[in-house]
1. For the range 7-43, which positions are β-branched (V, I, T), part of a strand (DSSP E or B) and over 10 Å from the mean Cα position of the chain (by Cα)?
2. Where residues in the range 60-73 are surrounded by 17 or more Cβ atoms within 10 Å (Cβ to Cβ) and polar (S, T, N, Q), which of them is nearest to E117 (Cα to Cα)?
3. Since N135 meets every condition but one in (1) free of Cβ contacts under 8 Å to residues at least 24 places away in the same chain; (2) farther than 14 Å from Q19 by Cα, which condition does it not meet?
4. What tally of residues in the range 92-115 results from selecting those that are over 14 Å from the mean Cα position of the chain (by Cα), of a type in the set (V, I, T) and within 17 Å of I46 (Cα to Cα)?
5. Please go through the range 27-64 and pick out each residue that is touching a strand residue (DSSP E or B) at 6+ places or on another chain (Cβ under 9 Å) and of a type in the set (G, A, S).
6. So, in the range 85-106, of the ones that are at pLDDT 95 or above and of a type in the set (S, T, N, Q), which residue ends up nearest to S146 (Cα to Cα)?
7. Find the residue count for the range 44-83, including only residues that are part of a strand (DSSP E or B) and either free of Cβ contacts under 8 Å to residues at least 60 places away in the same chain or not assigned by TED's automatic domain parsing to the domain that holds F31 (or both).
8. Could you list all residues from the range 24-72 that are within 17 Å of E126 (Cβ to Cβ) and hydrophobic (A, V, I, L, M, F, W, C)?
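The values are calculated or read from the model by the stated rules, or taken from the named source; none is laboratory data. These figures come from a predicted structure and were not determined experimentally. All Cβ positions, glycine included, derive from the backbone under ideal geometry; neighbour counts span all protein chains shown.
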Amino acid sequence: VTAGPTSTGNVNEYTMTYQVEVSNTSDALAFYDLSDTLKYGAGATITDVSVSYVGVEGTTGTTNYTNFDGQSDYLIIDDEQVGTGKEDVFQIVVTFEVDPAKVTSQSADCELTEGEEGTGLLNTAEVSDGVPSKNDDACADMPNPSVDIVKTVTAGPTSTGNVNEYTITYQVNVNNTSDALAFYDLSDTLKYGAGATITDVSVSYVGVEGTTGTTNYTNFDGQSDYL
């Protein structure tokens, strides 16, 4: 793993970069096929895969870069050759999305257990054909974004000075409890008891981090529009 998982800036979308090095440890010219299998855990959906050669020796084999996806087409290159003491280097970049509702600690942890077809961001590369078959794994824990929400009354009910009219102020804190960038929608519902009539509602951001999402401050009323 040379980079990632890295957020793309889109909701729960990440990139992951792997590097595969094939070194000739013999005294003879070696020919091989290279395949690669992406065995991601439950909760991850792969949306794009690209592969490229990043070594210095160049390739002479038949590449399958266009068709390769690591899920149904595993072949990267066929009948590639590498000289004595030389190495070929390939780079694989994967774009994937995470569904926090489906990710579990087990599916994210890079430990393949019985009953699992994949785990974490597991990637297995294998050389075969002209050389004895060998494989190697690389894995990183799957991002599992989560937040904690705390709502408190910070002021009120306070009389406005008008007959039986009051204000009350609430504060909502949303804290990221994970190691990943977290995206969320925030809604709020006012469930006042009989006898209370809400006449005005306003909302504002009072944190220090700033917002990047689409605000709905103007329409929000907590009664018919909760977002």
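1. Filtering the range 7-43 down to residues β-branched (V, I, T) leaves 8, 11, 15, 17, 20, 22, 25, 37.
Checking which are part of a strand (DSSP E or B) leaves us with 15, 17, 20, 22, 37.
Selection gives T17, V20, V22, T37.
2. N64
3. (2)
4. Summing the residues that are over 14 Å from the mean Cα position of the chain (by Cα), of a type in the set (V, I, T) and within 17 Å of I46 (Cα to Cα) in the range 92-115 gives 1.
5. A30, S35, G41, G43, A44, S50, S52, G55, G58, G61
6. Applying the filter and picking the extreme gives T95.
7. 18
8. Answer for the range 24-72, where residues must be within 17 Å of E126 (Cβ to Cβ) and hydrophobic (A, V, I, L, M, F, W, C): A30, F31, L34, L38, V49, V51, F68.
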